[in-house]
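The values are calculated or read from the model by the stated rules, or taken from the named source; none is laboratory data. What you see is a predicted model; the values in this text were computed from it and never measured. Counting neighbours? That spans all protein chains shown, and the Cβs are built from the backbone with ideal geometry, glycine included. Keep in mind that these areas ignore ligands, DNA and RNA; they rest on the heavy atoms of the full protein, side chains included. Shrake-Rupley method; radii C 1.70, N 1.55, O 1.52, S 1.80 Å.
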Amino acid sequence: MIRSLSPYYVTTPLSSPNTGLVCTSYTLYIKVWSGLVTSPPSTASYKITKDNNSGLGFAVASDKINISRIVNDFIEFEPQSGSSTTILNGENQKWVQTYTTYETTDPADSTTAQNISTELMSLGYSYGNEGVNNDISSPSILIPAQEYKVYRDGIFIVPILLNESGTNTGSVTVKSFPTNEINLNFLIPNTTNSDELVKYIWVNVSEALIDTSIEIIYSTSFKVNKVSLYIEDECKYTPIDICFQNKDGALQNVTFFKERIERMATDSSQFERSGLQPSDGFHQFVRFDVQGRTSFSANSGYIDESSNEVFRQLLLSERIYIYENDQFTPINISSKSITYKTRQKERLINYDLNFDYSYNQINNI
């Protein structure tokens, strides 16, 4: 999978694979689309021509182009939601196909597509020490850590990456314990549709009325993936679910259990006018262009040390939402840093983070 928020290099040999001739120039074609992998558009989204100035003139010589910034704008991340526990399509992925033609002494090289490669793309990224073109092994669960605390009246999202080929069908089991108030099984066939390759297991925790835990299992012929949810009842505060675009370009969430404090800051301009008297109820100094921005701080409550990776990805996310009243409200994280806590030093781990609502209080767009 191409993680388009990090560099993705396409390496092209400077001699035609078909004829073995060294090129004077080559053209890289890039197609981006959604839907079936077998249905690319007829014309390229971009094409880049580069001269061969290497002077090396032998078959192992190659050139690299970073295409991540070119293809990145084709995805506008949108969260998906459900009502009951179900499986949703991710719909935040595209296919990217690259191929090259060559200018050589053989005219056929200029019209023959070579070095054809097709990869799934998401708005994911790699860490600095993971190198370029860092890939995701398929199929897998696209969230860090395997145990989470969840609120009884909240939700939880488990993004999974399906297999692109073969006839094997994966399965998802969502079961609550000890009385199995939630007990659902879903068969998920392999697909080559970009909108369907990432699925969201949407869990409505409130369907477990008295159960205390939920087990989510994603099974394929390759391996078995499991996520465990531990249901918490919070009496003093109203927990909130913060959803965000994670490292793999998928939607996930984390629950903040403790105090949430809201505040609003305003900004405005004013001018002084004459001719109208304050004694008659008129403003001498008139305020205009008034605007407000609401923000809030929230406390995670006590979490396991393994959730540190979740909070790292939350701070690095470009798209963050608060999910309440059955809808996503866009927010931005205003906290600029986090000090990772450990059980060895702090014993009990929790985080306070600050967020801004991602819109003005007065609609001006």
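Here are some notes:
- Reciprocal of mean inverse Cα separation for the chain (Kirkwood radius, Å): 23.8
- Only the Cβ atoms of Lys and Arg (+1) and of Asp and Glu (-1) were treated as charged; on that basis the dipole of the chain about its Cα centre amounts to roughly 600 debye.
- Just the protein heavy atoms count here, and of the accessible area of the chain at 1.4 Å, carbon and sulfur take up 46 percent.
- Taking trypsin sites (Lys or Arg not before Pro) across segment 299-365, the ones in a DSSP loop with at most 15 further Cβ atoms lying within 10 angstrom of their Cβ are K336, R343, K345, R347.
- Counting only aspartates and glutamates at least 8 places from K345 when in the same chain, those with an alpha carbon closer than 20 Å to its own are D304, E305, E309.
- Counting Lys and Arg as +1 and Asp and Glu as -1 over every other residue whose Cβ lies under 13 Å from the Cβ of V174, the net charge comes to -1.
- DSSP beta bridges in segment 214-361 [antiparallel fraction, %, rounded to 5]: 100
- For the chain, the residue among I210, S269, P178 whose Cα projects farthest onto the positive side of the dipole built from Cβ charges is S269.
- Centroid-to-centroid separation of segment 159-236 and segment 1-31 [C-alpha atoms, Å]: 39
- Accessible surface calculations at 1.4 Å, restricted to protein heavy atoms, place the chain at 51 Å² per residue.
- Percent of Cα pairs exceeding the 19 Å cut-off, where the set is segment 14-132: 58
- Point-charge dipole on Cβ atoms (K/R +1, D/E -1) for segment 167-303, about Cα centre, debye to 20: 300
- Residues whose amide H comes within less than 5 Å of that of Q361, counting only those at least five positions distant or on another chain, are G292, R293, T294 (H built at 1.01 Å from N in the peptide plane).
- Spatially close Lys pairs in segment 1-151, defined by Cα atoms under 29 Å apart and a spacing of eight or more places or different chains, total 9.
- Simple rule: put +1 on each Lys or Arg Cβ and -1 on each Asp or Glu Cβ in the chain, find the dipole, and look at I87, S39, S6; the Cα lying farthest toward the positive end is S6.
- The smallest convex shape that holds all Cα atoms of segment 74-219, its convex hull, gives 145 Å³ per residue.
- Most positive-pole-ward Cα, T100, T192, A61, against dipole of the chain from beta carbon charges: A61
- Over all other residues within a Cβ to Cβ distance under 12 Å of N190, the charged ones net out to -1, with Lys and Arg as +1 and Asp and Glu as -1.
- Around E262: net Lys/Arg minus Asp/Glu count, Cβ-Cβ under 15 Å: 0
- Remark: segment 1-140 carries a charge dipole of roughly 40 debye about the Cα centre, counting +1 on each Lys and Arg Cβ and -1 on each Asp and Glu Cβ.
- Sorting 85-95, 40-50 by average packing, meaning the other beta carbons within 10 Å per residue, from highest down gives 85-95, 40-50.
- Surface accessible to a 1.4 Å probe, V96 within the full protein complex, Å²: 0
- Calculated from backbone phi, Karplus (6.51, -1.76, 1.60) coupling profile of segment 70-77 in Hz, x at Gly/Pro: 6, 8, 4, 6, 7, 10, 10, 4
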